[in-house]
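Undergrad: Quick one: the structure is below, and I'll ask about it shortly.
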């Protein structure tokens, strides 16, 4: 009996059903969670999916961090539960203080939806345990605000503590140090801009995302 | 202010007289305002309706044909597909970002009004030349608007077109197509029924934006000075409101809480209330004071004709109201009871239920009794320009080829084209292919939907009838290239001023061309949109009927190959040899848009499309690309640059064979082991197959005509749009004095 991956829905989220479909395609079970609820129920991992929570008004994630369910997500993360923020979900986790840094507008000031090559920088995270350091994965990006930034001190810590989880092979958006994904100190909370749920089926162009979501499913099995 | 009110509202003296006859009294100002928007060209199709009746609209799989918010076809496994195309040309010329954004919003509402979840958008876009700063301003704004709204509302944009041409300098074309899927049994129609039922207005509050958009903007051409004055007629879009509205409406439909539902688009509340009542054979009392407003002091005529975006009108039974309000509350969607279904056929606008009656008209008269014009038609005396057949052969065809290349990826990389995990083939190929999954159970049918949009103003300027037939043929061929068979057409007829007899002749000819081709290929037309008055400073655009074609891929276990080559592939040209330079991209680029154009042999075309579809489905070709604008030369260059492999080709006689355009022609790349089988199949299908050469190396070589490095072709292809659009824009009108 495998565990359940909860997928948080805010008004304006749009990748929630894609996450559920890919989790289930990989043999897991996904369950939608409503942002206005106060507890997570019995889930074993949480995905904060992509989209435009609260219309990205003010700035991406700035309003979503105040949703009642985020209190429960924060508590779950503090207790070591695996939490993954994808795209808008990454933005929300940085706004909520669960991950360091921030996502600003792409260097080219345009929205970018395109394939991208991502290099795995550590296999020690809730999203990369099935991968090996140095693996290169083809996973699409789809964002306007994906340009990761943080202060020098934070960047040094991220590098020293091996917390840069993923890097772009060919940086598309100007992210500092080519960063595509990072994790927290406990390594259980991971945020990334690329969409692994869009790369779990060869019919759609790539199944390289399976190794990432599969790693998460290993933790809840 | 001496002119009578009806003329200020865009009604003719005859039309005003007709309104008074219907009412059997003098219409009051509110009633005149309501008729003026409903009888506008945009809403009533008064100039085009008599011609549209000639289109074939029936087939066993058609569930809903033209006239509803969207056409619907049965695609099997309990799934129906809803599709519609619309134009937002004039708003986009005035305010590109919002014009395009609200175009996307409007078409989405047409689709979920039918009970369908929107799953894909396509945007055929046409702008003035790239060297015109204002055209670049419009292009950038429109693409940003589609991106900003479409991405945020959460519906992928899986394809479209982008064309730059002098004819669209003053009047761009921004068309948008939406495809949705629904469980077949959930099909809902936009009608009110059940006396005593309630009309609930959902979504945004009503403001002064977009008042008279259909009559002021969409039903008149542009002059030089007044564009800025029209800006308040353009609406402003809010994709976040629309996203919540979609989710709320689909949940209302899932729970069976609505009797009928209608979006508020052109002509706003007037259109939504009168059409739902008229279709249901009932009347409606509307309490105008109950409509939530954005600002105080709005007059009833402003509330009734406002085109504020992101609004829907749901007809619900009184006992279901509480649950409806609960669902709306969950999605943070405003809901207000603003009307009641009544007996008889009167639409009454009141200041409070039981209060003063501000307007009372027969609901059906706003729609059914709109005027119908058979405007004068006359073939133009002159061809569109010099004949391309008279041009000298180019001294260096390689230079000419480079000039014709433009990669549209600058446009579509700004669109989310992958959401919902359906996109097997996205933008940039001959047609998009989407997995066909059941919209509520998620059941994967193992089949696919294919979608393409096509238009060609160059062909249609030379001969609108034959040009439109060629466009339909190209659409069918595009679908064949991804292994799909055609199911249904929607069209967007973009033409100039219908008061010009040449324009009405073009429209009538185009309808006949489309009708003939659709009948020959067995494809019904299930919906459409007519956009007239596309003119600027008295000059009409070239006739531009745009076709949206939906098809089915019967087996989708592997990805169709797309326009690809691999080292060592044989290049084979399937289809007839006949091409013409008349209406060709090459001719137009050299100032000669006229000349002779080949005709579509529909029997031959069907043999070619059937052959190509089967070759793709059976996995016999490594790559496939139809020959369209720019002919064989452009097709070779596109396949080479997308694959990073050069070509070495012979048997191309001259520039005419290289750049000439004709129907039913497809370039396939074939693995050597499969060449015999492919040629054998072509013979069996009675289709000519010509071996042109090989995919190899890093140069594009056409013997005696072209010898270019792949690197040069690729950098020109990829660089054209970003370089041109990176060179600055302005919204200043050119100084015409």
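Undergrad: If you line up the long axis of helix B:133-153 against the longest principal axis of chain B, both from Cα atoms, how many degrees apart are they, to the nearest 10?
TA: Between the helix axis and the principal axis of chain B, the angle is about 70 degrees.
Undergrad: Here's another thing I want to ask about it. Say we join alpha carbon atoms closer than 10 Å with springs in a Gaussian network model of chain A; which of A:117, A:70, A:193 then has the biggest fluctuation?
TA: The residue with the greatest mean-square fluctuation here is A:117.
Undergrad: If you don't mind, another one. Using a 7 Å offset from Cα along Cα-Cβ at residue B:654, what residues in region B:359-398 end up with backbone N under 17 Å from the label point?
TA: Hits in region B:359-398 for residue B:654 at 17 Å: B:387-398.
Undergrad: Here's something else I'd like to know. Mind listing P(r) for the protein assembly as shown? All alpha-carbon pairs, 10 Å bins, whole percents.
TA: Answer for the protein assembly as shown: a P(r) of 2, 12, 21, 24, 21, 13, 6, 1, 0 percent.
Undergrad: Still on this model: Round to the nearest 0.05 the FRET efficiency obtained for residue B:343 and residue B:77 when R0 = 35 Å and r is the Cβ-Cβ distance.
TA: Values: r = 41 Å, r/R0 = 1.18.
The pair residue B:343/residue B:77 has a calculated efficiency of 0.25.
Undergrad: Quick one: work out the % antiparallel among DSSP beta bridges in chain A, nearest 5. Before the final figure, lay out the partial values.
TA: Values: 20 of 36 bridges.
Just about 55 percent of them are antiparallel.
Undergrad: How many Cβ atoms of partner chains, on average, are near each residue of A:9-17 if near means within 10 Å of its Cβ? Please list the in-between numbers first.
TA: Values: counts 1, 0, 10, 10, 3, 11, 6, 1, 4.
Averaged over the peptide's residues, the number is 5.
Undergrad: Can you give the direction-averaged projected area of the convex hull of the alpha-carbon atoms in chain B, in nm²?
TA: 30.5
Undergrad: Still on this model: Counting other beta carbons within 10 Å of each residue's own, what order do A:130, A:31, A:187 fall into, fewest first?
TA: A:31, A:130, A:187
Undergrad: Something else: Of A:175, A:123, A:67, which is the most mobile in a GNM of chain A whose springs link Cα atoms less than 10 angstrom apart?
TA: Judging by the Gaussian network model, the answer is A:67.
Undergrad: Between A:57, A:148, A:168, where does the largest GNM mean-square fluctuation fall for chain A, given springs only between Cα atoms within less than 10 Å?
TA: Largest GNM mean-square fluctuation: A:57.
Undergrad: Ranking request for peptides B:408-414, A:91-97, B:351-357: highest mean number of other beta-carbon atoms within 10 Å first, then the rest in descending order.
TA: Numbers: B:408-414: 20.3, A:91-97: 23.7, B:351-357: 11.4.
Result, highest mean first: A:91-97, B:408-414, B:351-357.
Undergrad: Partner chain Cβ atoms within 10 Å, averaged over the residues of A:53-66 - can you pull that number for me? Mind dumping the intermediate values first?
TA: Values: counts 1, 3, 9, 3, 2, 0, 0, 0, 0, 0, 0, 0, 0, 0.
Mean inter-chain Cβ contacts per residue within 10 Å come to 1.
Undergrad: Where does chain B land at 222 nm, in deg cm²/dmol rounded to the nearest 500, when only DSSP H runs of n ≥ 4 count, each adding -39500 (n - 2.57), divided by all residues? Before the final figure, lay out the partial values.
TA: Values: 24 runs with 249 residues, N = 737.
Here the helix-only value at 222 nm equals -10000 deg cm²/dmol.
Undergrad: If each residue's Cβ is checked for other Cβ atoms within 10 Å, how do B:540, B:110, B:390 rank with the fewest at the top? If you can, show how the numbers build up before the last one.
TA: On the way: B:540 21, B:110 26, B:390 11.
Ranking B:540, B:110, B:390 by Cβ neighbours within 10 Å, fewest first, gives B:390, B:540, B:110.
Undergrad: Whole angstrom only: what separates the Cα centroid of region B:253-267 from the Cα centroid of region B:421-442?
TA: 26
Undergrad: Further question: Helix B:710-725 against the longest principal axis of chain B: what's the angle in degrees, Cα atoms only, rounded to the nearest 10?
TA: Long axis of B:710-725 versus the principal axis of chain B: about 20 degrees.
Undergrad: Could I ask something else about it? So what is the calculated 222 nm ellipticity per residue for chain A, using -39500 (n - 2.57) for each DSSP H run with n of 4 or more, over all residues, to the nearest 500 deg cm²/dmol? Mind dumping the intermediate values first?
TA: Numbers: 5 runs with 49 residues, N = 221.
That comes out to -6500 deg cm²/dmol.
Undergrad: Over the whole of A:111-117, what's the average partner chain Cβ count within 10 Å per residue? Rounded to a whole number, please.
TA: On the way: counts 11, 3, 14, 6, 1, 0, 0.
The mean count of partner-chain Cβ atoms within 10 Å per residue comes to 5.
Undergrad: Measure out, as a whole number of angstrom, how far apart the alpha-carbon centroids of region A:10-81 and region B:322-398 sit.
TA: 40
Undergrad: Roughly how tilted is helix B:631-643, in degrees to the nearest 10 and between 0 and 90, from the longest Cα axis of chain B?
TA: Compared with the principal axis, the helix lies near 90 degrees.
Undergrad: Testing the spin-label approximation: label points 7 Å from Cα along Cα→Cβ at residue A:109 and residue A:78. State their distance in nm.
TA: Reported label-point gap for residue A:109 and residue A:78 is 4.2 nm.
Undergrad: Take every DSSP beta bridge with both residues inside the protein assembly as shown and express the antiparallel ones as a percent of the total, to the nearest 5. Kindly include the intermediate steps, with their values, before the conclusion.
TA: On the way: 116 of 155 bridges.
Around 75 percent antiparallel, to the nearest 5.
Undergrad: Let me ask something else. What is the fewest-to-most order of B:490, B:174 by other Cβ atoms lying within 10 Å of their Cβ?
TA: Values: B:490 25, B:174 29.
By the 10 Å Cβ count, ascending: B:490, B:174.
Undergrad: Once you have all Cα-Cα distances for region B:590-737, histogram them in 5 Å bins from zero and send the whole-percent values.
TA: 2, 8, 15, 17, 17, 15, 10, 6, 4, 3, 2, 1, 0, 0
Undergrad: Restricting to chain B, compute how many DSSP beta bridges are antiparallel as a %, nearest 5. Don't jump to the answer; show the numbers that get you there.
TA: Values: 96 of 119 bridges.
Counting only bridges with both partners in chain B, antiparallel ones make up about 80 percent.
Undergrad: Whole angstrom only: what separates the Cα centroid of region A:117-191 from the Cα centroid of region B:649-698?
TA: Using only Cα atoms, the two centres lie 47 Å from each other.
Each value in this text was obtained by applying a stated rule to the coordinates, not by laboratory testing. If you're wondering where the values come from, they're calculated on a predicted model, not measured in any experiment. So basically every Cβ, Gly included, is an ideal-geometry build from the backbone, and we count neighbours across all protein chains shown.
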